[in-house]
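First the structure, in the form of structure tokens, and then the observations on it.
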Amino acid sequence: MNERSVAHMDLDSFFVSVECLRDSRLKKLPLIIGGNSDRGVVSSCSYEARRFGVHSAMPIKLAKRLCPDAVIIGGDMELYSRYSSMVTEIIQESSPLCEKASIDEFYLDLTGMDRFFGTWKWMIELKQKVVRETGLPITFALSSNKTVSKIGTGEAKPDGQLKVPVGEERPFLSPLSVNKIPMIGDKTYATLCSMGIRKIATLQEMPATAMQQVMGQNGLVIWKKANGIDETPVQPYHEQKSISTEHTFEIDTIDVKTIRTLLTAMAEKLAYKLRRKNRLTGCITIKIRYSDFNTETKQLKIPYTSNDKTIMDHAQRLFEQLYQRRILIRLVGIRLSDMVQGSYQISLFEDTPSIIELYQAMDKIRNRFGSTAVQRAGTLGANFREYEK
């Protein structure tokens with residue numbers, strides 16, 4: 001059986017890099033992408049800004065204090081989505097198996113390719129192709145599994161490349177901080193620090209059963225990752241699911257107000273499902289079935305998002321463009337597709353820190369008590385069916 005060979009590719013400061021392509025004067029400057037007002041938050045920032053302590057999701061007001069000379073621009077998700085699609089196309093055309101993990105990162109399964117040509121050399125050539133055809137810097141790491149490659153990419157940034165040979169996973173990981181392990185967030189890191197575990201080496205030396213006793217099944221997963229063990233497969237990008245909702249009226253209707261209220265409720269629930277699955281959508285489709293059973297659809301490619309308001313607004317505009325016959329409607333539906341992994345759960349360009357906290361609090365309530373536990377007042381009572389593909 002062939003030893004696994006998995007690469008991880010990550011575009012460097014993706015939003016910032018795209019802006020520098022658009023305006024070369026921004027290169028080497030402390031650049032912040034995010035809200036235009038002091039009430040906004042940082043979506044992305046250049047390495048020059050990071051040296052001042054600026055980071056993603058930080059309030060713009062604080063970022064300005066830390067880096068007074070920073071250049072701040074609002075961002076352009078439509079442009080970023082276009083460049084993401086360009087890079088995706090290049091990687092998909094070249095690699096035997098590709099997973100688009102988010103708007104700016106990819107996993108490639110290259111197992112068995114060494115029989116034909118050197119996998120390391122092939123990855124270098126792919127990186128050069130991305131840079132040559134898009135102008136965007138990209139970093140990659142190559143190892144036996146997804147976890148080690150993702151951590152390796154982080155260590156190789158910016159614009160670097162790294163290979164962790166089979167059998168060298170544990171020595172490579174051991175000196176690193178435990179918060180380098182992808183699934184460890186702030187709370188888990190704090191818990192581990194309280195146990196005296198700050199370096200991955202300490203985790204490696206612990207019995208797996210001890211971690212499982214303290215943190216349950218997650219503890220065992222963390223222990224495995226710390227030891228460079230990860231059997232998670234690379235999932236083909238084209239197999240990403242779509243989600244949709246639709247409603248058939250008991251009596252055919254021409255009540256536009258009721259239909260719009262229903263569409264708002266549908267969009268709100270789908271957006272929540274995206275965030276719960278840590279997904280973003282890049283395409284929205286509206287479907288109408290008339291009383292004569294004729295069915296019409298209209299779709300729109302959109303910048304990747306899981307934001308309630310963005311999806312609602314697009315749904316309403318599509319409905320307005322589609323509903324031209326002015327006859328009774330039997331069914332309406334919304335479908336979200338072109339889905340990718342991603343954690344841009346709210347509009348970092350438009351929302352303030354307080355709004356972001358509100359969205360997160362609402363999602364916590366829904367996670368605990370069900371998706372209908374919190375709804376907009378105008379959508380109460382709206383019922384519809386949900387589908388996944």
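Values for this structure:
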| item | result |
| --- | --- |
| Test: residue in segment 157-166 that is closer than 10 Å to Gly228 by Cα, in contact (Cβ under 8 Å) with a residue 12 or more places away in the chain and surrounded by 20 or more Cβ atoms within 10 Å (Cβ to Cβ) | no |
| Extreme residue, surrounded by the most Cβ atoms within 10 Å (Cβ to Cβ), among residues of segment 104-150 that are of a type in the set (Gly, Ala, Ser) and in a loop (DSSP other than H, G, I, E, B) | Ser144 |
| Whichever residue in segment 80-128 is basic (Lys, Arg) and over 20 Å from Arg279 (Cβ atoms) and, among such residues, is modelled with the lowest pLDDT | Arg115 |
| Segment 76-104 residues that are within 16 Å of Ile138 (Cα to Cα), paired with ones that are among the charged types (D, E, K, R) and assigned to a helix (DSSP H, G or I) (beta carbon under 8 Å, 6 or more apart) | Met86/Glu133; Ile90/Lys129; Ile90/Glu133; Ser94/Lys129 |
| Hey, Thr147 in contact (Cβ under 8 Å) with a residue 40 or more places away in the chain, of a type in the set (S, T, N, Q) and in contact with a Lys or Arg (Cβ under 6 Å, 6 or more places away or on another chain) or not | yes |
| Any hit, segment 310-325, residues being at pLDDT below 85 and either within 27 Å of the chain's Cα centre (by Cα) or buried (at least 18 other Cβ atoms within 10 Å of the Cβ) (or both) | no |
| Checking Thr261 against (1) more than 23 Å from Phe106 (Cα to Cα); (2) out of contact with any helix residue (DSSP H, G or I) (no Cβ under 7 Å at 6 or more places or on another chain), the condition it does not meet | (2) |
| Every residue from segment 170-189 that is loosely packed, with under 13 Cβ neighbours inside 10 Å and either among the basic types (Lys, Arg) or modelled with pLDDT under 90 (or both) | Met183, Gly185, Asp186, Lys187 |
| Residue selected from segment 180-198 under the condition of a type outside the set (Val, Ile, Thr) and part of a helix (DSSP H, G or I), by the criterion farthest from Met215 (Cα to Cα) | Lys180 |
| Verdict on Ala226 being closer than 30 Å to Lys187 by Cβ and surrounded by 14 or more Cβ atoms within 10 Å (Cβ to Cβ) | yes |
| Residue within segment 287-308 that is over 30 Å from Pro96 (Cα atoms), part of a strand (DSSP E or B) and out of contact with any strand residue (DSSP E or B) (no Cβ under 7 Å at 6 or more places or on another chain) present | no |
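The values are calculated or read from the model by the stated rules, or taken from the named source; none is laboratory data. In this text, all values refer to a predicted model and were calculated from it rather than measured experimentally. Note: ideal-geometry Cβ built from the backbone for every residue, glycine included; neighbour counts use all protein chains shown.
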